[in-house]
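These notes concern the structure reproduced below.
The values are calculated or read from the model by the stated rules, or taken from the named source; none is laboratory data. Keep in mind it's a predicted model, so treat the numbers as computed, not measured. Using ideal geometry, Cβ is built from the backbone for each residue, glycine included, and neighbour counts are taken over all protein chains shown.
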């Protein structure tokens, strides 16, 4: 038995094929729902700029740091530090030798990116 495809059958088949293609294309775009869209909306567009401090060495001869031991006044875990050190706990800090110098703390950024950087100022050498 011979099957004969008519013009109306061809048009109907083409219409079904176009409809299936359209449905498949919209289903592929519809996969991106809810959380995926929210993640794209909440994602940062640009990375935060990192702040690199400029290193300026101390210029005068007296501008040197010495290390001294000072009593540790932090109350958190004080009893454990007394047991470990066997006496009063101390911490080592840097002390500046020049009396004319000072540090100015410059705060840059805001929020979680806020950074305090010391800027060395020497009155003796300008």
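Do you know which of the residues in region 98-125 that are over 36 Å from the mean Cα position of the chain (by Cα) and without any contact (Cβ under 8 Å) to a residue 60 or more places away in the chain is surrounded by the most Cβ atoms within 10 Å (Cβ to Cβ)? So that I can check it myself, show each step before the final result.
Taking region 98-125 as the starting set, the residues that turn out to be over 36 Å from the mean Cα position of the chain (by Cα) are 98-100, 123-125.
If we keep only those that are without any contact (Cβ under 8 Å) to a residue 60 or more places away in the chain as well, we get 98-100, 123.
Values: 98: 18, 99: 9, 100: 13, 123: 11.
My answer is 98.
For region 4-32, name all the residues that are outside any helix (DSSP H, G or I) and at pLDDT below 75. Working first, answer last.
Step one: list which residues in region 4-32 are outside any helix (DSSP H, G or I), which gives 4-6, 30-32.
Selection gives 30, 31, 32.
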